[in-house]
1. Considering Ser104, Ser81, Ser69, which residue is over 17 Å from Ser21 (Cα atoms) and assigned to a loop (DSSP other than H, G, I, E, B)?
2. Show the residue pairs meeting these rules: Cβ distance below 7 Å; 6+ apart or different chains; first residue within segment 104-124 and over 18 Å from Gly51 (Cβ atoms); second residue outside any strand (DSSP E or B) and open to solvent by less than 30 Å² (accessible area, probe 1.4 Å).
3. From the set of residues in segment 79-91 that are at pLDDT 95 or above and open to solvent by less than 50 Å² (accessible area, probe 1.4 Å), which is nearest to Asp31 (Cα to Cα)?
4. Suppose we filter Lys114, Lys129, Lys74, Lys23 for residues that are open to solvent by less than 90 Å² (accessible area, probe 1.4 Å), out of contact with any helix residue (DSSP H, G or I) (no Cβ under 8 Å at 6 or more places or on another chain) and of a type in the set (Lys, Arg); which single one remains?
5. Search segment 26-56 for residues being assigned to a loop (DSSP other than H, G, I, E, B) and closer than 29 Å to Gly14 by Cβ, and hand back the single one that is most open to solvent (accessible area, probe 1.4 Å).
6. Using the structure shown, decide if Ser104 is surrounded by 13 or more Cβ atoms within 10 Å (Cβ to Cβ), farther than 18 Å from Glu7 by Cα, of a type in the set (Ser, Thr, Tyr) and at pLDDT 95 or above.
Amino acid sequence: MRQRGFEIVSAYAGQGIHIPSRKTAKSAGYDLEAAETKVLAPHAVTVVPTGLKAYMGDDEYLSVFIRSSLAFKKCLMLANSTGIVDSDYYNSPDNEGHIMFQFSNFGLTDVHIKKGERIGQGIFLPFLKADN
């Protein structure tokens, strides 16, 4: 029985999208890659698709983080700080649950992200619910 994982969204089928993996046996995060080459203009927010969707249990979510090297080396940050992907986003009728990164370029020059470049990490986590 499948518990959690990633699938390629239909719009990116056959386009060389990699299913995320953990870099080492003790890594918490799954490396996520850019599905397209993008140019991120200074002082602007640009959406970078991954070509992926995630499935998980009802009491879990996927937390999405930028790779720390992108902030340090390329002056990028996530526009929404940390991405939260809820379990019911999977196969959403709006976009099939496509995971995308919203990057803000706070530098002074264009930043080039290449298709296949690791842009973030996803960590599956459980969550608690309030009584009311």
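1. None of the other options fit; the residue is Ser81.
2. So the pair list comes out as Ile123/Gly29; Phe124/Met56.
3. Only one residue tops the list, namely Val85.
4. Residue meeting the stated conditions: Lys74.
5. Here the residue is Thr37.
6. Yes; evaluated as a whole, the condition is true for this residue.
The values are calculated or read from the model by the stated rules, or taken from the named source; none is laboratory data. As the structure is a prediction and not an experimental result, all values here were calculated from the model. Cβ atoms come from the backbone with ideal geometry, glycine included; neighbour counts cover every protein chain shown. When the accessible area is computed, the model is the full protein with side chains, heavy atoms only, and any ligands, DNA or RNA have been set aside. Shrake-Rupley method; radii C 1.70, N 1.55, O 1.52, S 1.80 Å.
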